[in-house]
Amino acid sequence: MRIEVSPHEVSYISRVHFNTSWSEPISRREAIATGAALLTLHGVGGHQPATLPHEGTSVTIACFIRYQIDPFQRDAFRTYAENWGRIIPRCGGHLIGYFLPHEGTNDIGWGLIAFDSLASYEKYKARLRTDQESRENFLMAQTKRFILREERNFVEVVDGTFNMPSTLSGA
């Protein structure tokens, strides 16, 4: 799949290094901005639903899931996230990705899932409740107790405010 990136997106994304260690802990704001950049790459945002080229579906909102995890059970969380890689698309969500802590804070993980509406999210949740592998994954997390806290936020980009480059010349 080829992704087209505008010069404005390059200005932000070029500062995000996914294959290198962070030199300092990433803040919650930086993590959300990084997720928003990922959404831009996937065509999410604005009032007009974006079409996903490989699926022919549109997305207008994203669910950011922030996990506080037991840092001594990082591998269990990795397995949990890998399982969602099969389950989420099958149940109707567009999985942008799961992210493990890498450098800095060692107990915060992220999940990012896109939907075309909150109604689609509600249908997705109903499918999760009846999907056998989904139920097993939730049970594993409850049994092993590696997720200490979970927060969900639904976001959309406000037109004209996202990814605005500096207008300061020479910056």
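Since every read-out is calculated from the coordinates, none of them should be taken as a lab result. None of these values were measured; they are calculated from a predicted model. We place every Cβ from the backbone using ideal geometry, glycine too, and count neighbours over all the protein chains shown.
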Dipole in debye (nearest 20) - the range 78-146, about Cα centre, beta carbon charges: Lys, Arg +1; Asp, Glu -1: 280
Rg(Cα)/(2.2 N^0.38 Å) for the range 65-136, N = residue count: 1.16
Amide H to amide H, which residues 5 or more places from Ile96 or on other chains are under 5 Å from it, using H placed in the peptide plane? Leu112, Ile113, Ala114
Could you give me the ³J(HN,Hα) list for the range 124-135, computed from phi with Karplus coefficients 6.51, -1.76, 1.60 and θ = phi - 60°, whole Hz, x at Gly and Pro? 4, 4, 5, 5, 4, 5, 9, 7, 4, 5, 4, 4
What order, most packed first, do the peptides 78-88, 127-137, 106-116 have when packing is the mean number of other Cβ atoms within 10 Å of each residue? 106-116, 78-88, 127-137
